[in-house]
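Colleague: Okay, here's the structure, questions in a sec.
The values are calculated or read from the model by the stated rules, or taken from the named source; none is laboratory data. Every value quoted in this text rests on a predicted model; they were computed, and no experiment measured them. Areas reflect the complete protein model, heavy atoms only, side chains present, ligands, DNA and RNA absent. Shrake-Rupley method; radii C 1.70, N 1.55, O 1.52, S 1.80 Å.
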Amino acid sequence: QVRFVKWALWYHGYSRPQLQRLPADGSTGSRELLLAFSWLLHSLGLLEQLLARGRVQTGDETSVCTCEDELASRQEGASAPGPEGRVDARYLQWLHGRLRLQWCSLHAQHQEQCKLLHKIHLFTSGSHMDQNLGHFSVTETDLIRQPENYKQLLQLLESETMQLEAFLEWKQLEPVYWQWMETVLDNMAEEGNMCESQDAEVEESSLPEVTSCCPWAAKLSGQMDRLSRELLALQEQLQQLVAQRQAAWGQKVAAREELQRERFSATARKLQESVDIKLRALSSLGAPKRNERHGPCRLVLRSKHPASRRGSEGSREPAAALRAAEVSRELQVRQASLQRELQQLRQECRHRLEEIAEGLEGVICISP
């Protein structure tokens, strides 16, 4: 459990070394855990996520996300090396195949769920009191079939109400909590400075005590001083050698980049042309500010012929209604754009591998 907590915090971006050095038995580190918990509250919106996850759903909902910046930020954050080091490529291939298999199974289950939801919405059409909905959800249909389950639903709603009241109380007292956390941080910083000063004093005072108690300590201290001077001289020589090697390597890299710049110029021109094509395609859509949608949306069945619905109120829709055809069209545009980018990246990787293979002697590389 302690190892899992450390890994989870590291995955979310909390890389404090004091927390990673805590013992595995969980005997110490209460203030470090308090500091990590406060970081989760501030950076991830932990309470809001827990409330959203534990929300009682009385209607049929689905999640819609058309954001693009979140994936790039996650990839940048995940590029840092992990604490373990190297991972076998065959294990990664096995994980990739397993993930694809589970993804196909999940997609098939989602399609079956959509078919069943469509049947329920179609069979209960025109039965709901709210004319904007017009049909029952799965929860409402289950309550009609089994009325004795309403007590459990009421208990869940009361529990959610209590959680929301507690969250409102927390929002009122939150400034006091962060003031207290500032004092905790100040105390931890002071204790860290005191520990560093004490360690320095112990290191400085350890050698004179030995010299005063032992008769052979003077000779030993002289040898240690001589060895320390030799080590310092060797360290200076190594630094000079490293600086010379770095300068030479920098010159080689500059020369190699100068040679490869002409090769990459053609690829850069192709990328620039593709970017221009994408910009023209975006300008042709006539949407200067695209409304990115993120979050759950309730599923409501809409008839293709609104005149067949009962009354004039039945055809009214909320102002923030979201059509599945619009989302599908946006996702298809994004899919085509991502496929073009994937094809370009594959071509660039293939060209790069061919250039690397040309520099290897006695090796034959067959492109896939």
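Colleague: I'd like the carbon and sulfur percentage of the solvent accessible area for the stretch 1-44, probe radius 1.4 Å, heavy atoms only, ligands and nucleic acids excluded.
Modeller: 59
Colleague: Spelling out what I want: for every residue of the stretch 104-113, take phi, set θ = phi - 60°, compute 6.51 cos²θ - 1.76 cosθ + 1.60 (Karplus), and round to whole Hz; glycine and proline get x.
Modeller: Rounded to whole hertz, the list is 5, 5, 5, 5, 5, 5, 5, 5, 5, 5.
Colleague: Skipping prolines and chain starts, which residues have an amide H placed within reach, meaning under 5 Å, of the one on Val64, given they are 5 or more residues away or on another chain?
Modeller: Sorted by chain and number, the residues that satisfy this are Gly295, Cys297.
Colleague: In square angstrom, what is the accessible area per residue of the stretch 1-44 with a 1.4 angstrom probe?
Modeller: 71
Colleague: Could you pull the Rg and Dmax for the stretch 1-44, using just the Cα atoms, both in Å?
Modeller: 9.7, 27
Colleague: Output wanted: per-residue J couplings in Hz (rounded whole) for the stretch 184-191, from phi through Karplus 6.51 cos²θ - 1.76 cosθ + 1.60, θ = phi - 60°, x for Gly and Pro.
Modeller: Per residue, the Karplus-derived 3J(HN,Hα) values read 5, 5, 5, 5, 5, 5, 5, 5 Hz.
Colleague: Amide H to amide H under 5 Å from Asn132: which residues, 5+ apart in sequence or cross-chain, H placed 1.01 Å off N in plane?
Modeller: Counting only residues 5 or more places away or on other chains, the set is empty.
Colleague: For the stretch 167-181, in order, what is each residue's ³J(HN,Hα) by Karplus, 6.51 cos²θ - 1.76 cosθ + 1.60 with θ = phi - 60°, in whole Hz (x at glycine and Pro)?
Modeller: Rounded to whole hertz, the list is 5, 5, 5, 5, 5, 6, 9, 4, x, 5, 4, 6, 5, 5, 5.
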